Amino acid sequence: MIKKVLALMFVLSSVFLCGCDNSKRIDKAVIIECIIVDKSDYKFIYISDEEKSETVKIEEESLEKALKTLKTEHKPEIVLSKLELIAFAENVDSEKYYSALQYIKNNYAVSPSVYTAVCSNDILKLLDEPKTLEKCTEQIMILEKKDTDISSTLLKMNNNLNKSKKSLLYLPHISKNNGVTGEKVEIMIKK
């Protein structure tokens with residue numbers, strides 16, 4: 001009888017001690033690979049449950065608000081640790097560069113080697129294809145090797161932004177001219 005009571009107490013205590021109500025579940029998370037910053041909206045390319053790329057477009061005035069909307073409307077957990085590219089559209093105002101990068105840096109765990117680039121409309125339309133994303137990052141690496149002024153990674157951009165009150169950034173510009181090609185573009189950031 002004592003063995004049965006002890007066994008029952010052990011079973012009940014294990015149920016209460018092994019709960020995981022507060023855990024972060026991967027099946028309830030949005031694992032973002034690419035963020036596209038456009039003039040009036042933000043697009044998030046993420047890995048879906050079927051391990052293929054899905055795209056969500058959210059119209060908001062800032063990345064902070066867009067991520068909050070994504071969190072409330074789609075999935076409760078947002079993961080940026082697998083982020084590969086932050087792509088800015090050609091028509092984006094310079095304030096969006098600074099605010100988007102600072103918000104990501106201050107609020108999420110991301111790799112400091114996340115690539116950043118200005119992309120043409122042709123490239124932006126194709127970024128949900130893994131081959132395009134791979135070609136873009138290849139072009140960014142090639143450009144950075146050729147030109148040391150280019151600030152292609154989040155770490156390098158933030159270092160450049162923190163140097164003075166006004167910063168001139170040289171970002172890679174990726175376009176589609178018989179393949180994926182890149183060049184340097186100047187952006188003046190006012191903080």
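The values are calculated or read from the model by the stated rules, or taken from the named source; none is laboratory data. Bear in mind the structure is a predicted one, so any value in this text is a computation, not a measurement. Neighbour counts are summed over all protein chains in view; Cβ atoms, including those assigned to glycine, are modelled from backbone coordinates with ideal geometry. Ligands, DNA and RNA are stripped out before the accessible areas are found, and what is left, the full protein with its side chains, is counted by its heavy atoms. Shrake-Rupley method; radii C 1.70, N 1.55, O 1.52, S 1.80 Å.
In region 63-191, one over the average inverse separation of all distinct C-alpha pairs is 15.2 Å, which is the Kirkwood hydrodynamic radius. The charge dipole of region 41-191, taken about its Cα centre with unit charges on the Cβ atoms of Lys, Arg (+1), Asp and Glu (-1) only, comes to about 660 debye. Dipole size of region 103-191 about its Cα centre, with +1 on Lys/Arg Cβ and -1 on Asp/Glu Cβ: approximately 500 debye, rounded to the nearest 20. Rolling a 1.4 angstrom probe over region 49-130 with all protein chains present gives an accessible area of which 42% lies on carbon and sulfur atoms.
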